[in-house]
Amino acid sequence: MPVEFLGIAATHNGSETDVRSGPSFDKEYTLRLGRAHEDHGWDRVLFAYGSDSPIPAPAAAYLASRLDRLEILLAHRPNVSYPTYAARTFATLDQISDGRLTVHFITGGNDHEQAREGDLLTKDERYARTREYIEIVKKVWTHRERFDHEGEFYRFHDFVSDVFPVQQPRPGVSFGGSSPAAYAAGGAEADIYGLWGESLADTARQIEAVRAAAKAAGRTDAPRIQVAFRPVIAPTERLAWEKAHRTVATIRARRATVTDPRLKTRLTAPENTGSQRLLALAERGERYDRALWTPTAAASGGAGNSNALVGTPETVAQALLDYYDLGTDILSARGYDLLGDAIDFGRHVIPLVREGVARRDREGADRGPHLLAKIQADAEAGAAPAAAVAVAG
């Protein structure tokens, strides 16, 4: 089946390695980065959410109104608006984008970050709220008759919207998380389930957990799986590993300048399960499978999709195909030079992966976690030269 690529729709040029040079919402840079993705084979870009960042919905509307093909993945935290309001916001944005919207619902993994905007619920309460929130949003998108809602977190009466999405029956719903509560909520409600890049073995176990949660919720289908990485590519293996080590050195140098005690704690002892998993993986080792490298995650405190895939475009493409073979349909990638890496990845990696997927489709190749043993054997054989270069670097 077709593979899709998700990039980042940053509103400025800052990253873990680069200090931003302009305002937090730089319209020109946002459009330039979006066009780079559209022009180089990407399918959609993520507008992320932060308690102090530009509001993603109007930024997404700005980009969508200026591009013709690129799809939008809009991150949204349920605590910031009532679900009836949010559903109409999303429907309006789907109209603006001519049906190119998917919504990524974020429960929130850090109590302090959530409290900054008045959200004082516990983590498990937040997951329960998110599940109810998604149910309401879906109903607002699809119901033309007035309805009431009496739930644990929301109550309202006689509601019907006058704006509906272009997509029928509704836009896609994306979800993420690595805790049992996350699997339960996302398994029940999500069309797409997002994971941060881990080893093939750990990713296979997470895919099984998501599918089991979907089955437990009474679904006959399961969410599509998305996995996210930080690619570090170069024309040769040695150059790629030199680049990777320079990247980690820069992240560590910038981290050493952090003085905020709360941020220091988040870098060393994150609350969310996903970051804890990435740090635990880094503790167990630096190299996994064909090209997975964990020091980028360790240096950034396991924040976000911070595990790298390192190597030539051919090596990274083959590594991504391993995850595709495992059952992943959407591959998320974000470099450290946001603009330059989006162009390079689009030019040199995406075509190789699409070619590999097309070849598998022609051959009727099987996919799924039961292929793990073969994938691991192939990856170990293919990773030996890169491992030698990593040691030398």
Original post:
Is at least one residue of the stretch 166-186 without any contact (Cβ under 8 Å) to a residue 60 or more places away in the chain and open to solvent by less than 20 Å² (accessible area, probe 1.4 Å)?
Top reply: yes
**OP:** State whether the residues of the stretch 62-82 include one that is open to solvent by less than 60 Å² (accessible area, probe 1.4 Å), touching a residue at least 60 places away in the same chain (Cβ under 8 Å) and not small (Gly, Ala, Ser).
**Re:** yes
Original post:
Pick from the stretch 306-321 the residues that are closer than 20 Å to Arg246 by Cβ and under 17 Å from the mean Cα position of the chain (by Cα): which of them is modelled with the lowest pLDDT?
Top reply: Ser306
Original post:
Has the stretch 325-335 got any residue that is among the small types (Gly, Ala, Ser) and over 21 Å from His37 (Cα atoms)?
Top reply: yes
Subject >> One residue from Ala291, Ala240, Ala249 being at pLDDT 95 or above, surrounded by 22 or more Cβ atoms within 10 Å (Cβ to Cβ), out of contact with any helix residue (DSSP H, G or I) (no Cβ under 7 Å at 6 or more places or on another chain) and among the hydrophobic types (A, V, I, L, M, F, W, C) >> reply: Ala240
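Residue-by-condition table, conditions (1) in contact with a Ser or Thr (Cβ under 8 Å, 6 or more places away or on another chain); (2) touching a residue at least 60 places away in the same chain (Cβ under 8 Å); (3) of a type in the set (Phe, Trp, Tyr):
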residue: Glu28; (1), (2), (3): no, no, no
residue: Gly34; (1), (2), (3): no, no, no
residue: Ala59; (1), (2), (3): yes, no, no
residue: Thr84; (1), (2), (3): yes, yes, no
residue: Asp94; (1), (2), (3): no, yes, no
residue: Arg100; (1), (2), (3): no, no, no
Original post:
Out of Ala204, Ala209, Ala253, which single residue is more than 16 Å from Thr328 (Cα to Cα) and part of a helix (DSSP H, G or I)?
Top reply: Ala253
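The values are calculated or read from the model by the stated rules, or taken from the named source; none is laboratory data. Since the model is a prediction, treat every value here as computed from it, not as a measurement. Note that we place each Cβ from the backbone using ideal geometry, even for glycine, and neighbour counts take in every protein chain shown. What goes into the accessible areas is simple: the full protein's heavy atoms, side chains included, and nothing from ligands, DNA or RNA. Shrake-Rupley method; radii C 1.70, N 1.55, O 1.52, S 1.80 Å.
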